[in-house]
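Note sheet for the following structure.
The values are calculated or read from the model by the stated rules, or taken from the named source; none is laboratory data. Fair warning: this is a prediction, and the values are worked out from it, not measured in the lab. As a convention, Cβ positions derive from the backbone with ideal geometry for all residues, glycine included, and neighbour counts pool all protein chains shown. These accessible areas exclude ligands, DNA and RNA; they are computed on the full protein's heavy atoms, side chains included. Shrake-Rupley method; radii C 1.70, N 1.55, O 1.52, S 1.80 Å.
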Amino acid sequence: MKLITPEFYDRFRCTASRCRHNCCIGWEIDIDPDTFELYRNAKNSLSDRFCNCISSEVQPHFILGENERCPFLNKDNLCDIILEMGEDSLCQICSDHPRFRNLYSSRVEAGVGLCCEEACRLLLENEAPLSLHESVIDGEETDDEYEEQIFSLRDRVFSLLQDRSRTLCERTDDMLSMFGAQLPDRSIGQWAEVYLSLEQLDPEWTALLGELKDAAVENTIAEREYEYEQFIVYWLFRHFGEAVYDGDVISKIRLAALSLRMIRALDALYAAKHGPITKEQRAEHMRMYSAEIEYSQENLDTLYDILCD
C-alpha cells in the first residue's frame, strides 16, 4: 500500500504550550472505547478527574470546563494525561489531531490540517512548489481504475497550478475552465454574507466576515504569491480525492478556487487597514479559514451545495 504525504509531514511537531490556538480549547473531544476503558480503570492521580470530567454517554467525551478548556489542560497549556501517563494514553482523536488520513483502495494520503498554526507555518516556509512523498506501508492495495483516473486528473491540476510562468489568477481561471466550471457571480461582500450564514466557531472569524461584508476590497495582494499557490494545492491534496466516493470533481475545484479568493480578500482587508501583510498574518487567515470550514462537515456540505451544478 502506498502512503502519500506532503514534503513537510515528517517535520511536524506539536508546539504544545507555545501554540497560540490550543487544540484542547473550544472542541468537544470524543473518546474511543479502548481509551475510555483505560481511563475508567486508571489507578493514579487522575482517577477522580477521569470519573468527574468525562461524560459516559453513548459517545464518551471530555466535559469542557471554563472557557471551553479540556479539563486535563493545565495552567501551562500542557496535557496532564500526557504528563501522568505518557502520549500512548491519549485517545485516538488527541493522538492523531491535527493529522488527517484519507483512505483509498490503492493508497493512504496523510497530512496535517491547516487548523494548526504550525502546519500553516510549515506549508508556507518553503518557496518551492509543494511536493508529495511516496512510501510503502502495510496494507493490501487494490487496483481501482476510476480512483486512478481521479488522482491522475489531480496531478494535471497540480501541474497547472504550479506553473509559475503565469499569475496564480490565470492558473486558477484555467483550472476552472479545464472543467467547464466557474464560480457563481457574487462579490466578496456577498460571499462574506454566505459565510456568515454558516456555523461559526470563533468570534474573531465572525467579526472579520462582518468587516469583509461591508468593505470594498479586491483581491489585489500579490506579495509572495507562492504562498497562495501552496494553499490551493494543499487544499486540493486534502479534498480532491473525495470525488472518488461522490463523483463530484467540479464542486471540489470550485470550493478550492473560492477558498483562495476568500483568503486573498482577507489579506487585502488587512493590508488596507494595517499595511503590508506578514507571512504570519497570512498563515493566521488560512488557519482560521480551515478551522471554520474544513472542520465542520455541515459548513463544507453547505458550500458544496451552493457550488454544485
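Each row is one residue, and each column tells you yes or no for (1) open to solvent by less than 60 Å² (accessible area, probe 1.4 Å); (2) more than 25 Å from the chain's Cα centre (by Cα); (3) more than 30 Å from Val136 (Cβ to Cβ).
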| residue | (1), (2), (3) |
| --- | --- |
| Thr5 | yes, no, no |
| Cys24 | yes, no, yes |
| Asn41 | no, yes, yes |
| Asn44 | yes, yes, yes |
| Ser56 | no, yes, yes |
| Asn67 | no, no, yes |
Could you list all residues from the range 157-175 that are open to solvent by less than 70 Å² (accessible area, probe 1.4 Å), under 17 Å from Arg264 (Cα atoms), assigned to a helix (DSSP H, G or I) and not hydrophobic (A, V, I, L, M, F, W, C)?
-> Arg171, Thr172
Within the range 249-287, track down each residue that is open to solvent by 10 Å² or more (accessible area, probe 1.4 Å) and among the charged types (D, E, K, R).
-> Arg254, Arg261, Arg264, Lys273, Lys279, Glu280, Glu284, Arg287
The residue that is farthest from Ala272 (Cα to Cα), considering only those in the range 198-219 that are open to solvent by less than 20 Å² (accessible area, probe 1.4 Å), in contact with an Asp or Glu (Cβ under 9 Å, 6 or more places away or on another chain) and assigned to a helix (DSSP H, G or I), is Trp205
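Out of curiosity, is Leu73 in contact with a Lys or Arg (Cβ under 7 Å, 6 or more places away or on another chain) and either open to solvent by less than 30 Å² (accessible area, probe 1.4 Å) or modelled with pLDDT of 95 or more (or both)?
When the stated conditions are applied, Leu73 does not pass them.
If the requirement is being out of contact with any helix residue (DSSP H, G or I) (no Cβ under 8 Å at 6 or more places or on another chain), closer than 25 Å to Tyr270 by Cβ and surrounded by 17 or more Cβ atoms within 10 Å (Cβ to Cβ), which of these qualifies: Glu118, Glu229, Glu223?
Going through Glu118, Glu229, Glu223 in turn, just one is out of contact with any helix residue (DSSP H, G or I) (no Cβ under 8 Å at 6 or more places or on another chain), closer than 25 Å to Tyr270 by Cβ and surrounded by 17 or more Cβ atoms within 10 Å (Cβ to Cβ): Glu118.
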Residue count for the range 121-137, restricted to those that are in a loop (DSSP other than H, G, I, E, B) and open to solvent by 40 Å² or more (accessible area, probe 1.4 Å) = 6
The range 1-117: strands (runs of 3 or more DSSP E) wholly inside it with 1 or more residues that are under 30 Å from Asp155 (Cβ atoms) and without any contact (Cβ under 8 Å) to a residue 40 or more places away in the chain are 99-103
Is it the case that some residue within the range 176-196 is of a type in the set (Ser, Thr, Tyr), open to solvent by less than 80 Å² (accessible area, probe 1.4 Å), at pLDDT below 95 and more than 30 Å from Ile25 (Cα to Cα)?
-> yes
All positions within the range 261-283 that are touching a helix residue (DSSP H, G or I) at 6+ places or on another chain (Cβ under 7 Å) and in contact (Cβ under 8 Å) with a residue 60 or more places away in the chain | Met262, Ala265, Leu269, Lys279, Arg282, Ala283
